[in-house]
Amino acid sequence: MTTSKEPLGGMPVAAAPTWTNPQVGMFALIASTYNQYGPESLPVLTEGFKHLGRRTGEDMLAHNLVGRDCSPTEWGRFTHQLMDLTGMYVYEEIIATDEVYEFVVPAKVWPYHEPFEYLKAPSEACDICADWDRGCLETVSPRIVMTQPECSGRGDDVCRWRYELVPGGH
């Protein structure tokens, strides 16, 4: 029986956050499915992530992590906490009102270029991951619609998230 506190392999997993965080895991799942089954897998992945988001939204509400019918700015600032968990620490608020919240992450600090390329993730991978968020919003605050008009994973200079109140919502 080993009693050493040294990590196996000599390096703690936490020292390699680019490869060990949940976002990379989602990219790996999407890339693996896409590379095995092709473009026909994209609608299934999209619906699967939205479904997971709806269930996650229920849990967020049950644990009072975010308020039901929160504003776009309340939701957007809440997502910054989630981004911190996945290694995106640098972002800039662009708009913060009761109707619209928008922020950007510059491509040069987006931490996923290497795994995205290595995994051969399709350009739709970021949108599919965002479908988890969209599913959460369908449950938490259905009048908020999320868009990603720009995305590093698609080759843009920034990742831009926009949350906007719309009549009728989803």
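Read-outs throughout are calculated quantities, based only on the coordinates presented, and are distinct from any laboratory measurement. Treat the numbers as computed from the prediction; the structure is a model and nothing was measured. Here the Cβ positions follow ideal geometry from the backbone for every residue, glycine too, while neighbour counts run over all protein chains shown.
What's the local net charge at GLU47, with K and R +1, D and E -1, over the other residues with C-beta under 14 Å away?
Values: positive: LYS50, ARG54, ARG55, ARG134; negative: GLU40, GLU124, ASP127, ASP131, GLU138.
Its environment carries a net charge of -1.
Helix 41-62 against the longest principal axis of the chain: what's the angle in degrees, Cα atoms only, rounded to the nearest 10?
It is inclined by approximately 70 degrees.
Using label points projected 7 Å from each Cα along Cα→Cβ, tell me how many nm separate GLU40 and THR147, to one decimal.
It works out to 3.2 nm between the two label points.
If we sort 33-46, 127-140 on the protection proxy, mean other Cβ atoms within 10 Å, highest first, what's the order?
Details: 33-46: 13.9, 127-140: 22.1.
The most tightly packed comes first, giving 127-140, 33-46.
Which angle between 0 and 90 degrees, to the nearest 10, do you get for helix 22-37 versus the longest principal axis of the chain when only C-alpha atoms count?
For helix 22-37, the angle is close to 90 degrees.
How far apart, in nanometres, would the label points at HIS80 and THR20 be if each is projected 7 angstrom from Cα along the Cα-to-Cβ direction?
For HIS80 paired with THR20, the spin-label model returns 2.7 nm.
If R0 is 30 Å, what FRET efficiency do you get for SER32 and ASP98 from their C-beta distance, rounded to 0.05?
Details: r = 41 Å, r/R0 = 1.35.
Once rounded, the FRET efficiency stands at 0.15.
Using packing as a proxy for protection, rank 145-154, 79-88 so that the peptide with the highest average count of other Cβ atoms within 10 Å comes first. Show your work: numbers first, answer last.
Working: 145-154: 17.3, 79-88: 14.9.
Listed from highest to lowest mean packing, they are 145-154, 79-88.
How big is the gap, in Å, between the Cα center of segment 140-170 and the Cα center of segment 69-114?
Cα centres, segment 140-170 to segment 69-114: 11 Å.
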